Amino acid sequence: MSDVDLTLEAYADTIVPGVRRWPGDLAVAGVSDTPGAVEAGALELMRWDATGIHGGLDDLAGLADAHASRHAEERGLELEPGVPAFVALPFEGRTALVAQLTSPGHPEREFWILLSLFANMAYDSAAHTHTADAIRAGHPGLLAMGITPPDPDGLWRFERSGYGRELARTHPGTTADGSPA
């Protein structure tokens, strides 16, 4: 895995922490007992051209590592050589740095908030994958939220209305597949 990918995964893991994928996993700090943004596909979502940030990820990873180096130097932390600086930070250092980068007044704030949003989106909505496919694959975020699989025909139907009552009758021109006429 490239240093850029390690840094981006470490950033995503700072936003939605997960369990380590294997012993010695550098990007995932392992502060959670369940899978987080990385296993939910954060890197895949960030690299998807539909996001609009895919072309700048190498630069963002470089900035994250530069900020992490300064953060460690200012605090007298010794980082493991040969490992990207952001990845080498302990989890507490990662969270402190992300808090600083996303704080009001930081000149790069918008970039870091955007990267954080994509980490959340990967976990919360599997935005890079069809929902039914993500559920079938055991997507950790959708499963954690209790999203149920669709019916065999691929449509979701609910036996009980969410508010305990039907909010509106189906329009008489609605087609069998639920499309408005």
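The values are calculated or read from the model by the stated rules, or taken from the named source; none is laboratory data. All values derive from a computational prediction rather than experimental measurement. All Cβ positions, even for glycine, are placed from backbone atoms using ideal geometry, and neighbour counts span all protein chains on display. Calculation scope for accessible area: heavy atoms of the full protein, side chains included, ligands and nucleic acids excluded. Shrake-Rupley method; radii C 1.70, N 1.55, O 1.52, S 1.80 Å.
Numerical summary
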{"item": "Residues of segment 125-144 that turn out to be β-branched (Val, Ile, Thr) and either under 19 Å from Thr51 (Cβ atoms) or surrounded by 18 or more Cβ atoms within 10 Å (Cβ to Cβ) (or both), as a count", "result": "2"}
{"item": "Residues of segment 5-25 that turn out to be among the aliphatic types (A, V, I, L, M), under 23 Å from Asp59 (Cα atoms) and open to solvent by 10 Å² or more (accessible area, probe 1.4 Å), as a count", "result": "3"}
{"item": "Single match in Asp5, Asp33, Asp13, Asp59 (criterion: modelled with pLDDT of 95 or more, over 17 Å from Pro90 (Cα atoms) and under 16 Å from the mean Cα position of the chain (by Cα))", "result": "Asp5"}
{"item": "Filtered residues of segment 31-52 (kept if in a loop (DSSP other than H, G, I, E, B) and either without any contact (Cβ under 8 Å) to a residue 40 or more places away in the chain or buried (at least 19 other Cβ atoms within 10 Å of the Cβ) (or both))", "result": "Ser32, Asp33, Pro35, Gly36, Ala37, Val38, Glu39, Ala40, Gly41, Gly52"}
{"item": "Residue in segment 124-140 that is in a helix (DSSP H, G or I), more than 19 Å from the chain's Cα centre (by Cα) and either polar (S, T, N, Q) or within 18 Å of Ala12 (Cβ to Cβ) (or both) present", "result": "no"}
{"item": "Which listed residue is under 17 Å from Leu43 (Cα atoms), in contact (Cβ under 8 Å) with a residue 12 or more places away in the chain and not small (Gly, Ala, Ser), from Phe86, Phe91", "result": "Phe86"}
{"item": "Single residue of Ser116, Ser125 found to be closer than 20 Å to Val4 by Cβ and either touching a Cys at 6+ places or on another chain (Cβ under 8 Å) or touching a residue at least 12 places away in the same chain (Cβ under 8 Å) (or both)", "result": "Ser116"}
{"item": "Whichever residue in segment 83-100 is farther than 17 Å from Leu60 by Cα and not in a loop (DSSP other than H, G, I, E, B) and, among such residues, is least open to solvent (accessible area, probe 1.4 Å)", "result": "Gly93"}
